[in-house]
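A.B. asks: One structure is given below, represented as structure tokens, and several questions about it will come after.
Since every read-out is calculated from the coordinates, none of them should be taken as a lab result. Keep in mind that what you see is a predicted model, and the values were worked out from it rather than measured. Positions of Cβ are backbone-derived with ideal geometry, glycine not excepted, and every protein chain shown enters the neighbour counts.
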Amino acid sequence: MTIYFEYQKQQVLQALRYHFISRPEIRIMIILVNVFAIMAAVLFYLKKVSPTAFLTSSFLWFTLMISFWFVMPALVYKRAATFKDHFSMDFTDQGFSLGNERGSRQWPWSSLSLFIESPHFFHLYFDARSFFLVPKSGCRDSDEIFALRKLLKDKIKRK
């Protein structure tokens with residue numbers, strides 16, 4: 001199966017948000033900051049802490065949410081030239097290849113550690129930090145998306 005695609009900025013930003021939020025360490029940090037902010041709000045309401053403590057926790061919460069939701073995805077998108085290219089990807093039983101006008105590269109399925117599906121992409125992870133986004137928009141129709149999903153499930157473990 002061969003697909004052809006280019007990236008759309010808004011979809012890539014959404015996929016990067018999904019990636020960051022799905023990381024266990026980031027998820028734990030967000031939960032802890034949310035609990036801290038809620039506790040500060042309750043303690044402020046009960047007049048156990050000063051307004052400064054409440055404002056500090058609120059600022060921390062806003063800063064964290066803005067950085068994970070807007071800043072980090074925008075920085076990754078801006079720095080990666082990959083998102084501005086046109087690609088073709090070929091999937092076979094032995095592996096997959098990725099190509100553009102400058103060249104191509106092949107990988108065996110064993111080089112992938114897992115894949116995750118988000119609304120617009122298949123995230124193919126080589127390890128915990130390096131991954132490749134395969135847009136579903138590169139498929140011709142929902143049947144081809146289903147076939148690609150089945151191939152990925154058969155060849156890689158899914159999170």
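A.B. asks: Please tell me if Ser57 is among the hydroxyl-bearing types (Ser, Thr, Tyr), in a helix (DSSP H, G or I), out of contact with any His (no Cβ under 7 Å at 6 or more places or on another chain) and loosely packed, with under 14 Cβ neighbours inside 10 Å.
C.D. replies: Spelling it out, it is not the case that Ser57 is among the hydroxyl-bearing types (Ser, Thr, Tyr), in a helix (DSSP H, G or I), out of contact with any His (no Cβ under 7 Å at 6 or more places or on another chain) and loosely packed, with under 14 Cβ neighbours inside 10 Å.
A.B. asks: Would you tally the residues in segment 129-158 being assigned to a loop (DSSP other than H, G, I, E, B) and either over 21 Å from Arg17 (Cα atoms) or in contact (Cβ under 8 Å) with a residue 24 or more places away in the chain (or both)?
C.D. replies: 5
A.B. asks: Here's something else I'd like to know. Would you please name the residue that is surrounded by the most Cβ atoms within 10 Å (Cβ to Cβ), looking only at residues in segment 60-81 that are touching a residue at least 24 places away in the same chain (Cβ under 8 Å) and over 24 Å from Asn34 (Cα atoms)?
C.D. replies: Tyr77
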